[in-house]
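Participant: Pasting a structure below so you can have a look.
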Amino acid sequence: MEATDEGIAAKIPWNKGKLTGQKPPLKPKEIWAIRIRLQLSARLRDLAMFNLVIDSKLRACDLTKLRVCDVCHGHHVASRTTIMQQKTQRPVQFEITEQTRDSIGAWIKASTLTPPDFLFPSRLHESPHISTRQYSRLVHRWVASIGLDDTAYGTHTMRRTKASLIYRRTKNLRAVQLLLGHTKLESTVRYLGIEVDDALEMAEQTEV
């Protein structure tokens, strides 16, 4: 009995001491603040990664495994590409904006990467590309660099950011569903936290 009690006591919940729940997206001014800091510090890899994840809305597992040939046509970064999602095994297409193409191109050139290479190779010998854990640490570092509480944000913050901005501008759920690669519209509704966000927005509009 004593051994059983010790075993139960030793089992610590995975979320002990952590904030859980939906991670908020970044606001436009926060996106630009992070982007400018990365530009000023000449962190080419981080800038390319940050810009690309905002544009692509990819999950961490898909972003970290991208290869140069996934985003480039020959020697030029593509303006649009399609990626097969690991989780759903369904393709998702996204646009690569001009500033993102420029930052990716600069990173590829500086790192002398070739088409078969991973776009974001790991600096650790045991891994060919950065891990999702390494990517998560980078996200927290980016967020903290502009004075935000990084414990409230995570990798899903990056995935949700552009989708949330598009929804607020268009109110087109179906379009956002396609952009995120969700199989069910209900997943998109939950992901965006629409009911909560819309209620807060209406409350702000009625304040006097």
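Every number in this text was worked out from the coordinates using simple rules, so none of it is lab data. It should be emphasised that the depicted structure is a prediction, and the values quoted were computed from it without experimental measurement. Neighbour counts are summed over all protein chains in view; Cβ atoms, including those assigned to glycine, are modelled from backbone coordinates with ideal geometry.
Participant: Where in the stretch 138-163 does the amide nitrogen come within less than 14 Å of the point 7 Å from the Cα of Leu40, taken along Cα to Cβ?
Facilitator: Counting only backbone N, you get 145-147.
Participant: Mind computing the radius of gyration and Dmax over the alpha-carbon atoms of the stretch 28-158? Å is fine for both.
Facilitator: For the stretch 28-158, the Cα radius of gyration and maximum Cα-Cα distance read 14.1, 41 Å.
Participant: Of Glu30, Glu95, Glu126, Glu186, how do they rank once you tally other Cβ atoms within 10 Å and put the fewest first?
Facilitator: Values: Glu30 19, Glu95 13, Glu126 6, Glu186 10.
Placing the least packed residue first, the sequence is Glu126, Glu186, Glu95, Glu30.
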